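Let me begin by presenting the structure, written as structure tokens, before commenting on it.
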Amino acid sequence: MTENNSKFNIIYYESVDSTNNIAKTLAKDGAKEGTVVVAKRQTAGRGRLGRQFYSEEGGLYLSIILRPQILAENAVQITAAAAVAVARACEEISDKKALIKWVNDIYMDNKKVSGILCEGVINPENKALSYAILGIGINVEKKSDFPPEIRDIATTLFEDTVDEDIYKNLTEAILKNFFKEYRALTHKTYLKEYRKRSILIGKEVTFEQNGDVHTAEVIGIDDAARLILSENGNTVKLGAGEVSVKLK
Ligand code: BTN
């Protein structure tokens, strides 16, 4: 473990099970908002809806401890603000366009380059968040082949190998862009850009709910970051915790 001289309090690790786990332990022990855990590799990286997140060397895996003054039900705003921040940071570092697949995936060249997982711990007395851990994983360079199950759907920020500075610059760019939006979270300034970067708006998608597969057209994203769809002429709204949506 090493510390660095960034203006953020960043703790670096070579390998951890999950940076979200390390950050959670630190948060429980009282670590301050803005403490950041970064690792080169995770042995049990996890994604949304209980999925695994591929976390071999060649990626940036980081978790930020947050102590937001918001109700738990609004935690999706953190994910949406982070998606905008990560998209901007990826564009600042590489020369590719970054788009957002609702709610937490960043795409480049039609493939996933990054995923975001925000995990909150709720105070049962007031339903507010005691703290939240914002986890971000980015495929930076191809140090080894992706496993077959994600080979066709995942990509890296760079085609060639890169030096250590790229990881530092990317981390700083994410933190700078994220905290700008996070400080103004209730104003939802990120939403306009979130919608502009959305790859789903205007597309036909499928999603599964209560065992049924639905087909619908995405017509927008509301102010609570819910997906608005039109299904057989009816308007349907989906919250982030409920479903995963596939492009048709
Ligand atoms: C997803 O694609 O569903 C979200 C992936 C989030 C991965 C990041 S990597 C850093 C942090 N630690 C984890 O175990 N997960 C998040």
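The values are calculated or read from the model by the stated rules, or taken from the named source; none is laboratory data. This one's a predicted model, so the numbers in the text were calculated from it and none came from an experiment. Cβ coordinates were reconstructed from backbone atoms using ideal geometry, including for glycine residues, and neighbour counts include every protein chain displayed.
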Could you please give the count of residues in region 105-133 that are surrounded by 22 or more Cβ atoms within 10 Å (Cβ to Cβ), of a type outside the set (Ser, Thr, Tyr) and closer than 24 Å to Lys246 by Cα? 6
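I want to confirm something. Restricting to region 49-66 and keeping residues that are near the ligand (Cβ under 8 Å from one of its atoms) and surrounded by fewer than 18 Cβ atoms within 10 Å (Cβ to Cβ), which single residue is modelled with the highest pLDDT? Let's see the steps before the verdict.
The initial filter retains those residues of region 49-66 that are near the ligand (Cβ under 8 Å from one of its atoms), namely 49, 51, 53, 55, 59, 61-63.
Next, from what is left, pick out any that are surrounded by fewer than 18 Cβ atoms within 10 Å (Cβ to Cβ): 49, 51.
Details: Leu49: 84, Arg51: 92.
Looking at residues that are near the ligand (Cβ under 8 Å from one of its atoms) and surrounded by fewer than 18 Cβ atoms within 10 Å (Cβ to Cβ), I get Arg51.
Condition check: out of contact with any strand residue (DSSP E or B) (no Cβ under 7 Å at 6 or more places or on another chain), surrounded by 13 or more Cβ atoms within 10 Å (Cβ to Cβ) and over 30 Å from Arg67 (Cβ atoms). Does Val162 satisfy that? Steps first, please.
Numbers: out of contact with any strand residue (DSSP E or B) (no Cβ under 7 Å at 6 or more places or on another chain): yes; surrounded by 13 or more Cβ atoms within 10 Å (Cβ to Cβ): yes; over 30 Å from Arg67 (Cβ atoms): yes.
Taking the combined requirement at face value, the residue satisfies it.
Mind listing whichever residues of region 24-48 are near the ligand (Cβ under 8 Å from one of its atoms), crowded, with 17+ Cβ neighbours inside 10 Å and either of a type in the set (A, V, I, L, M, F, W, C) or closer than 21 Å to Lys176 by Cβ (or both)? Can you show your working first?
To start, the set of residues in region 24-48 that are near the ligand (Cβ under 8 Å from one of its atoms) comprises 39, 42, 44-48.
Now restrict to residues that are crowded, with 17+ Cβ neighbours inside 10 Å: 39, 42, 45-48.
Within region 24-48, just Ala39 meets the criteria.
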Quick check on my filter: what residues within region 83-113 are more than 15 Å from the ligand (Cβ to nearest atom) and of a type in the set (D, E, K, R)? Arg88, Glu91, Glu92, Asp95, Lys96, Lys97, Asp109
Do we have any residue at all in region 200-214 that's of a type in the set (Val, Ile, Thr), more than 30 Å from Val140 (Cβ to Cβ) and touching a residue at least 60 places away in the same chain (Cβ under 8 Å)? no
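Just to be sure I understand, how many residues within region 80-113 are of a type in the set (Val, Ile, Thr) and under 12 Å from Leu200 (Cβ atoms)?
2
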Give the number of residues within region 114-137 that are among the small types (Gly, Ala, Ser), over 22 Å from Asp222 (Cα atoms) and within 9 Å of the ligand (Cβ to nearest atom). 3
If Lys196 passes every condition in (1) more than 18 Å from the chain's Cα centre (by Cα); (2) free of Cβ contacts under 8 Å to residues at least 12 places away in the same chain but one, which one does it miss? (1)
Can you confirm whether region 157-166 contains a residue that is of a type in the set (Val, Ile, Thr) and within 14 Å of the ligand (Cβ to nearest atom)? no
Looking at region 221-228, is at least one residue at pLDDT below 95, under 16 Å from the mean Cα position of the chain (by Cα) and exposed (fewer than 12 other Cβ atoms within 10 Å of the Cβ)? no
